[in-house]
Structure formats: C-alpha cells, structure tokens
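The values are calculated or read from the model by the stated rules, or taken from the named source; none is laboratory data. Nothing here was measured: the structure is a model prediction, and the numbers come from that model. Please note: Cβ atoms are built from the backbone with ideal geometry, for glycine as well, and neighbour counts cover all protein chains shown. Areas reflect the complete protein model, heavy atoms only, side chains present, ligands, DNA and RNA absent. Shrake-Rupley method; radii C 1.70, N 1.55, O 1.52, S 1.80 Å.
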Amino acid sequence: MSRARRVGVDVDGVLADFLSPGLALLSKWTGTPYTPDHLQEWDFDSLIPEGRVGEFWEEMGAPGVCSSFAPYFGAVSGVKALQEVCDVYIVTSALHTGKTWTYERDNWLMRHFHIPRSRIIHTQAKYTFYGMALVDDKPLNIELWAASHPGQLPVLWAQPYNEKAVFPWAMASSVVRTNNWHRLRDLIVEFKS
C-alpha cells in the first residue's frame, strides 16, 4: 500500500468550528461570556465547571449539534485545492457521547466538502493513519503520528489554543505549523519523503 500523496485531515479545529458552539454552551451555563481567548490549551475540559464534564459532552453530542457546526472560513476552498494535488482522507475522532455523531459527521462532510464515507476514518488512534501527512489541531495527535511515521509530514493546524505546544526535540524541526490552506497545498506538492 502506497502512502504517496495520501493526506489525513482532522475535522474539529481544522474544518469545523467546534469551539463557538462549545463556548456558547459554557456561557449559557455560567452566565459568563466565554470567548476563544479563554481556551489557553487544546484541552476543552479545563473550561467546563467542576462536576459537569459528562453533562457538557452529553449536550454537545445531542442529535443535531454536530451537523450544525459551521465550516471555518476558507476550509471548503482549501480542501478543494488540496484535493487537486493529493488524496484527502478525513481522520477524525467521534464524540462517543453522541449517538448520532458519526452519522451526522459523515453527512456534514459530504454536504460541505463532497467527501464520501469511503474517505472518512473515525478513530482516536490517529497515529495509525498511513499517509504522507496528517493535519490536526491537537498537538498530542501530531506528536504520536510523527513518532509513528518518521520522515513524513506532521502538520499542526495553528490555533490560538495550541500555539504554546512544544514537541520533543527529535521531531520539533519536522512539525510544520500553519493554518493557511495555500501554504499547506504547497507543502504537499513540494514534499519528498
């Protein structure tokens, strides 16, 4: 099996705005207007009131929530441009509290990005994705994937909540940070494993 020009792309934090609905729910619960500046690291649980983590994820996983997420500005055209130079696969974690999450996510990806179910991988073990690159906003996913696929292209999709992420020195120089679809396309075109 060849990994040539196969690129895995995460959804939440890369293609879909999970953050706004999550912050809106926290604001509703607490009466405090939460903004993206409140999230200082990738771990959303750090913002959830003590004792309500399970309840929060149950509500975020309710039917209809996943399908209501907005695509990030530029994501639709960015994925389309990426598809011109590589085979794009979606590598995403399902929200296990959401009984309809996977079904809604698959339909959302088809509706906005025309990505069929045959190109969607639902897993928390993203390091198992076999391709030339993985694009994800979670630093740990990038670290584990880079360790499992040396010589390939780990891309941390830059977000304010992951800007302080530090990688082990052995892989730090290979991790690319960007949130620019044109730059990502160029990286894929120019990459030689």
Rounded to whole Å, sorted largest first: equivalent-ellipsoid semi-axes of segment 70-128, Cα gyration tensor: 20, 14, 10
Rounded to 10°, Cα long-axis angle of helix 139-148 versus longest principal axis of the chain: 30 degrees
Above-threshold pairs, the threshold being 26 Å between Cα atoms, out of Lys28/Lys126; Lys99/Lys138; Lys28/Lys164: Lys28/Lys126; Lys28/Lys164
Rounded to whole Hz, the Karplus (6.51, -1.76, 1.60) HN-Hα couplings of segment 65-74, x for glycine and proline: 5, 4, 6, 8, 4, 8, x, 5, 4, x
Normalised convex hull volume, segment 1-148, alpha-carbon set, Å³ per residue: 116 Å³
Estimated inter-spin distance, Lys99 and Glu50, nm [label 7 Å along Cα→Cβ]: 3.2 nm
Rounded to whole Hz, the Karplus (6.51, -1.76, 1.60) HN-Hα couplings of segment 86-103, x for glycine and proline: 7, 8, 8, 10, 8, 10, 9, 8, 7, 7, 5, 7, x, 5, 10, 4, 4, 4
Rounded FRET efficiency, nearest 0.05, which uses the C-beta distance separating Ile121 from Asp186 and R0 of 30 Å: 0.75
Residue-averaged [θ]222 nm for the chain, counting only DSSP H segments that reach four residues, each worth -39500 (n - 2.57): -10000 deg cm²/dmol
Rounded percent of accessible protein surface that carbon and sulfur make up, segment 44-193, 1.4 Å probe: 56 percent
By average C-beta atoms within 10 angstrom, highest first, the peptides 163-170, 75-82: 75-82, 163-170
Amide N proximity, segment 47-72 versus Arg111 label position 7 Å along Cα-to-Cβ, cut-off under 14 Å: 63-72
